[in-house]
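Visitor: Take a look at the following structure, please.
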Amino acid sequence: EMCIRDRCPSCVKINNLSHPDLQYIFPVSKQTKTETVTELIKQKAKNPYSSIDIEGHKNIPIEKIREFKNEAKYAPNEAKRRFFIIDGSEYFSREAANSFLKLLEEPPEDLMIILITNDRNALLDTIRSRCQPVFFPAFSEEEIKSIVNIYHPINLDLTPIIKIAQNNLLKVFRLITSDSDEKRDHILKYLRALASNKMLELAGVIDFLCQKRDKNYIIDFLDLLTLWLRDAYYQQLMHDDCDYINVDYKEPIEKFANFYKDVNINTIIELIELAIRDIAVSYTHLTLPTKRIV
């Protein structure tokens, strides 16, 4: 008999992340309270494509892996198999990763372990070598619009947002629930101040970002900055044939690209991406360059 997703009791429990044979965990910080985790899981159940935002230095602690190892000893409650889903598996603490290896090497036959990561290279080699990789391609623009219409209907042209997010659905949801235009305005102020060596204006943008004390806001800012630089780089290469991501900022990007013709923009992008990875893993303070681009 065909399972009807909205009526099948098991499917309803799975969709609500409340099935007794399904365990879902994600990185947390030491300051994260149990009730906060419960609320975040509820939000994730409402929109499985949304991000889980945790403040502070986060990881998957060894205590949670010990719980998993203990639960793995028992038979499933309702289903034929149990499922452990670890989202953000690149955030294993070293102790948790070493402890998890023992479960990963010899899992019970009725247990399936699913690790989710945006950066498989950030996983320990010993964990990665024991997993079967499954890659998911990016959604098309039409697929993204259809999904957004289900979980977050919005009266807005999504095409520019999808281009800025580079078809990353998680980023699309973050952009439509935050003020991406505000971030792009500050990027323009930042680059103009950097180019003209106006230190007070430059310090003003940096102070604004620091006062936010929001890691995700800063990462979004740097992500958008790389897209700005990407547009400038391709404008230098292709001129009028450039397919802009920031279409509404075409004129200032052209001026920026012409002003910095001799600058290796690709290298700058690589450095910013490295900073994004460092901030994502461990965030203590923000330092942005205050010297002119050379």
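The values are calculated or read from the model by the stated rules, or taken from the named source; none is laboratory data. Note that the coordinates shown come from a computational prediction; the quantities given were computed from them, not determined experimentally. Positions of Cβ are generated from backbone atoms using ideal geometry, with glycine treated the same way; all protein chains shown enter the neighbour counts. Side chains are part of the model used for accessible areas, which takes the heavy atoms of the whole protein and leaves out ligands, DNA and RNA. Shrake-Rupley method; radii C 1.70, N 1.55, O 1.52, S 1.80 Å.
Visitor: Specify which of the listed residues (F139, F173, F221, F208) is in a helix (DSSP H, G or I), at pLDDT 85 or above and open to solvent by 30 Å² or more (accessible area, probe 1.4 Å).
Guide: From the options F139, F173, F221, F208, the qualifying one is F208.
Visitor: Here is a further query. Would you mind finding the one in Y49, Y74, Y24 that is among the aromatic types (F, W, Y) and touching a helix residue (DSSP H, G or I) at 6+ places or on another chain (Cβ under 6 Å)?
Guide: Of Y49, Y74, Y24, the one residue that is among the aromatic types (F, W, Y) and touching a helix residue (DSSP H, G or I) at 6+ places or on another chain (Cβ under 6 Å) is Y49.
Visitor: Still on this structure: Considering every residue within the stretch 101-123, establish whether at least one is in contact with a helix residue (DSSP H, G or I) (Cβ under 9 Å, 6 or more places away or on another chain), surrounded by 16 or more Cβ atoms within 10 Å (Cβ to Cβ), more than 27 Å from K215 (Cβ to Cβ) and β-branched (V, I, T).
Guide: Scanning the stretch 101-123 turns up at least one residue that is in contact with a helix residue (DSSP H, G or I) (Cβ under 9 Å, 6 or more places away or on another chain), surrounded by 16 or more Cβ atoms within 10 Å (Cβ to Cβ), more than 27 Å from K215 (Cβ to Cβ) and β-branched (V, I, T).
Visitor: Does any residue of the stretch 263-273 turn out to be surrounded by fewer than 17 Cβ atoms within 10 Å (Cβ to Cβ), farther than 19 Å from K189 by Cα and touching a residue at least 40 places away in the same chain (Cβ under 8 Å)?
Guide: yes
Visitor: Next question, about the same structure. Would you please name the residue that is farthest from the chain's Cα centre (by Cα), looking only at residues in the stretch 233-262 that are part of a loop (DSSP other than H, G, I, E, B) and either more than 14 Å from A195 (Cα to Cα) or in contact (Cβ under 8 Å) with a residue 24 or more places away in the chain (or both)?
Guide: Within the stretch 233-262, the match that is farthest from the chain's Cα centre (by Cα) is K261.
Visitor: Moving on to the next point. Give the stretch 21-72 a look and list any residue that's charged (D, E, K, R) and either in contact with a Cys (Cβ under 7 Å, 6 or more places away or on another chain) or surrounded by 17 or more Cβ atoms within 10 Å (Cβ to Cβ) (or both), or say none.
Guide: D21, K44, K58, K64 - these are the residues of the stretch 21-72 that are charged (D, E, K, R) and either in contact with a Cys (Cβ under 7 Å, 6 or more places away or on another chain) or surrounded by 17 or more Cβ atoms within 10 Å (Cβ to Cβ) (or both).
Visitor: I'm checking my understanding of the structure. Among residues of the stretch 176-198 that are closer than 20 Å to K250 by Cα, among the small types (G, A, S) and surrounded by fewer than 16 Cβ atoms within 10 Å (Cβ to Cβ), which one is farthest from the chain's Cα centre (by Cα)?
Guide: Out of the qualifying residues, it is S196.
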